[in-house]
Amino acid sequence: MDERLVTPFDVVVIGGGLAGLAAATYASRAGARVAVLESGAHAGGRASTDHRDGVSFNRGPHALYEGGQGMAVLRELGIDPPGGRPRTNGRAIWNGREGRLPFDARALATTPLLSPRSRVAFARFHMRLGRLDARAFDSVTVAEFLDGARSDVGALVEGVVRLGLYANAPELLSAGAAIDQLVLAGSGVRYLHGGWGSLVDSLATTACLAGAAVHSGIRVDAVERSGDQWVVSDGRGGRWKASAVIVAGLPPEAAERLAGCDAGTLRTAAGPPVRAACLDLVLASPPAVTFALDLDHHGYYSLHAPVADLTPDGRALVSLARYRRPDEIADADRDRATLRAFARRMGVETTLTERYLHDMTVAHGIPLAARGGCAGRPRVDALGRDGVLLAGDWVGPTGLLADAALASGRAAGQLAAAAARARRAA
């Protein structure tokens, strides 16, 4: 048997995505001996980038919030991923009408998307957004928050909420979490040069320099108690001993299975997964329209390259997505046709190549109004098993998407290192 499989560690991290790599780095820097076990061929998970013919394809549209907790974690780790800032003052379609998004005074005054009375209502909403106490709306759904709003204003706000959270679930989603994300969007976002795989590479390098051992191609079967330690068993017959285990970046149902908790416990708290159909189009040159929302079909369109360095020879990359409702059955052909029609309406007629992901999981859960928003999501130590911790985009009270993954990874890594120190001192 490979000797590395029986070497004891202080901390074993299951999952080598953003959350797992951040957790490993924080634990290692705190003095713990750490192993990361990633089931895929390489680290990254949904943050991986696929490289084809010189084009870097992310797995769905990705953006890093400049003012988010994820960026704060990365800077603590000495990582400042290079990228470009997109322009989001583009166009939208609603009830078949097309017009400029009312994100500046001129567009607000002239857009056909809103009636004159609705332009006033939207301006008032926009001005008071930053002054709202988001916590007062944590247990209010987005649908309830918008109840009574004019139909065109409500459709536009729902579209912007989908843009920021990817979630198409206004009857479930916490309005407090949505308000936080809308305010955060004001700080701007960054499309990463080389794709999000470049961020994964930086995190993996940082984790290894801190002393963590990152192993790919290892599928974990079980986490069991053995005396005062935990034993992680993998599909190759290996047993990894540790004082603490972090289940990072896995969906709630997989975490339930590994942790041995009741089925549905974590899924109920995390909320339904966020899913989308994603289409990437490679063009010979940048199109005239750089950003758009299809409010009629819950669609997104944005020019990702050359905003970010993702394509060779001056070519362009447009990413589109259709946000699915939680109970919606995926229809790959219909959604692909809808996204292609959206691109054509934005002036994209001829493409060099394309990549389609018909049912991409964008996040493993959403902050539910019924549970009080982000504060009601499973905590890092929600399992109640001493030394077994969680991390991921559905874990902890802080942030959404990558922000939640990185923030919960930091918290889990710090707690795991503390558990290892306590065991050594005992």
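The values are calculated or read from the model by the stated rules, or taken from the named source; none is laboratory data. These figures come from a predicted structure and were not determined experimentally. Glycine also receives a Cβ, built like all others from the backbone with ideal geometry; neighbour counts cover every protein chain displayed. For accessibility, only protein heavy atoms count, side chains too; no ligands or nucleic acids. Shrake-Rupley method; radii C 1.70, N 1.55, O 1.52, S 1.80 Å.
Annotations
- Search result, residues across the range 387-406 that are in a helix (DSSP H, G or I) and either within 19 Å of L368 (Cα to Cα) or open to solvent by 10 Å² or more (accessible area, probe 1.4 Å) (or both): L401, A402, D403, A404, A405
- Residues located in the range 83-107, provided they are basic (K, R), in contact (Cβ under 8 Å) with a residue 12 or more places away in the chain and farther than 14 Å from M346 by Cα: R85, R87
- Scanning the range 123-168 for residues that are without any contact (Cβ under 8 Å) to a residue 60 or more places away in the chain, part of a loop (DSSP other than H, G, I, E, B) and in contact with a Ser or Thr (Cβ under 6 Å, 6 or more places away or on another chain) gives a single hit, R150.
- Unmet criterion (only one of (1) over 22 Å from Y166 (Cα atoms); (2) at pLDDT 95 or above; (3) open to solvent by 40 Å² or more (accessible area, probe 1.4 Å)) for E3: (2)
- Residue check: A269 meets all listed conditions (1) over 23 Å from R85 (Cα atoms); (2) among the small types (G, A, S); (3) part of a strand (DSSP E or B) but one, namely (3).
- A19 satisfies every condition listed in (1) over 19 Å from the mean Cα position of the chain (by Cα); (2) surrounded by 24 or more Cβ atoms within 10 Å (Cβ to Cβ) except (1).
- Elements of the type strands (runs of 3 or more DSSP E) sitting completely within the range 1-80 and holding at least 2 residues that are over 29 Å from A277 (Cα atoms), of a type outside the set (S, T, Y) and touching a residue at least 60 places away in the same chain (Cβ under 8 Å): these cover 11-14, 34-38.
- Selection within the range 292-323 - open to solvent by 30 Å² or more (accessible area, probe 1.4 Å) and within 22 Å of P82 (Cα to Cα): P306, V307, D309, P312, D313, G314, R315
- Listed by first and then second residue, the pairs with beta-carbon distance under 9 Å, at least 6 apart or on different chains, first residue in the range 336-353 and charged (D, E, K, R) and open to solvent by 50 Å² or more (accessible area, probe 1.4 Å), second assigned to a helix (DSSP H, G or I) and at pLDDT 95 or above, are E349/A343.
- Among the candidates R128, R135, residue that is open to solvent by 40 Å² or more (accessible area, probe 1.4 Å), over 23 Å from the mean Cα position of the chain (by Cα) and charged (D, E, K, R): R128
- Filtering the range 85-99 to residues that are assigned to a strand (DSSP E or B) and surrounded by 18 or more Cβ atoms within 10 Å (Cβ to Cβ) leaves R91, A92, I93, W94.
- Subset of the range 100-124 [of a type outside the set (A, V, I, L, M, F, W, C), open to solvent by less than 60 Å² (accessible area, probe 1.4 Å) and touching a helix residue (DSSP H, G or I) at 6+ places or on another chain (Cβ under 8 Å)]: P102, T111, S115, S118, R119
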